[in-house]
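Chemist: What follows is a structure written as structure tokens; I'll ask about it next.
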Amino acid sequence: MKKLLLCLSLCLLALPAIACDSFRLKDGKLLHCGMSRIKLLELAGSPMDKYTQTLGVDSGRATAGKTVEVWSYRLQGSIGGEYLLTVTLSNGQVQNIVSEQQDRL
């Protein structure tokens with residue numbers, strides 16, 4: 001039963017990795033999952049903030065966590081307006097993009 005519960009928990013944690021948003025910049029270029037860190041820097045420039053975070057699952061055994069980088073941007077979107085972007089990178093590739101429009105009435 002414990003193995004089944006652990007397996008289901010790991011599958012649920014993997015779901016966000018399957019679905020990933022993209023973001024279209026004002027100039028029409030697209031930021032997307034799977035993009036390399038270097039391509040992200042080329043298209044979006046240097047982030048205004050970045051930090052590393054270690055994620056782990058408590059399985060009762062001592063195991064190493066997964067370290068990811070989280071980059072924050074303030075960018076102009078293709079549909080107008082300014083957006084705050086949070087981009088998560090793992091192993092040099094974009095894993096997730098979360099955007100939030102700013103100052104929308």
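Chemist: Regarding Tyr83, is this residue in contact with a helix residue (DSSP H, G or I) (Cβ under 8 Å, 6 or more places away or on another chain), under 20 Å from Asp21 (Cβ atoms), hydroxyl-bearing (Ser, Thr, Tyr) and in a strand (DSSP E or B)?
Modeler: Working: in contact with a helix residue (DSSP H, G or I) (Cβ under 8 Å, 6 or more places away or on another chain): no; under 20 Å from Asp21 (Cβ atoms): yes; hydroxyl-bearing (Ser, Thr, Tyr): yes; in a strand (DSSP E or B): yes.
When the stated conditions are applied, Tyr83 does not pass them.
Chemist: Return the residues of region 54-80 that are among the acidic types (Asp, Glu) and in a strand (DSSP E or B); say none if nothing qualifies.
Modeler: Step one: list which residues in region 54-80 are among the acidic types (Asp, Glu), which gives 58, 69.
Hit for region 54-80 is Glu69, nothing else.
Chemist: Here is a further query. Here is a check on your reading of the model: is Tyr51 among the hydroxyl-bearing types (Ser, Thr, Tyr), out of contact with any Cys (no Cβ under 7 Å at 6 or more places or on another chain) and either surrounded by fewer than 16 Cβ atoms within 10 Å (Cβ to Cβ) or not in a strand (DSSP E or B) (or both)?
Modeler: Details: among the hydroxyl-bearing types (Ser, Thr, Tyr): yes; out of contact with any Cys (no Cβ under 7 Å at 6 or more places or on another chain): yes; either surrounded by fewer than 16 Cβ atoms within 10 Å (Cβ to Cβ) or not in a strand (DSSP E or B) (or both): yes.
So Tyr51 passes the test.
Chemist: Select from region 54-80 the residues that are surrounded by 11 or more Cβ atoms within 10 Å (Cβ to Cβ), β-branched (Val, Ile, Thr) and under 18 Å from Ser22 (Cβ atoms) and list them in ascending order.
Modeler: Result: Val70, single match.
Chemist: Give me the residue from region 28-72 that is among the charged types (D, E, K, R) and touching a residue at least 12 places away in the same chain (Cβ under 8 Å) and, out of that set, farthest from Gly92 (Cα to Cα). It would help to see each step written out before you state the result.
Modeler: In the first step, residues of region 28-72 are kept if they are among the charged types (D, E, K, R); the result is 29, 37, 39, 42, 49-50, 58, 61, 66, 69.
Now restrict to residues that are touching a residue at least 12 places away in the same chain (Cβ under 8 Å): 29, 37, 49-50, 66, 69.
Values: Lys29: 20, Arg37: 5, Asp49: 17, Lys50: 14, Lys66: 13, Glu69: 9 Å.
If we take residues in region 28-72 being among the charged types (D, E, K, R) and touching a residue at least 12 places away in the same chain (Cβ under 8 Å), then Lys29 is farthest from Gly92 (Cα to Cα).
Chemist: Where residues in region 18-44 are modelled with pLDDT under 95 and exposed (fewer than 11 other Cβ atoms within 10 Å of the Cβ), which of them is farthest from Glu100 (Cα to Cα)?
Modeler: So, considering only residues that are modelled with pLDDT under 95 and exposed (fewer than 11 other Cβ atoms within 10 Å of the Cβ), the one farthest from Glu100 (Cα to Cα) is Ile18.
Chemist: Spot the failing condition for Ile97; the list is (1) of a type in the set (A, V, I, L, M, F, W, C); (2) in a loop (DSSP other than H, G, I, E, B); (3) surrounded by 12 or more Cβ atoms within 10 Å (Cβ to Cβ), and only one is missed.
Modeler: Of the numbered conditions (1) of a type in the set (A, V, I, L, M, F, W, C); (2) in a loop (DSSP other than H, G, I, E, B); (3) surrounded by 12 or more Cβ atoms within 10 Å (Cβ to Cβ), the odd one out for Ile97 is (2).
The values are calculated or read from the model by the stated rules, or taken from the named source; none is laboratory data. Quick caveat: nothing in here was measured; it's all calculated off a predicted structure. Using ideal geometry, Cβ is built from the backbone for each residue, glycine included, and neighbour counts are taken over all protein chains shown.
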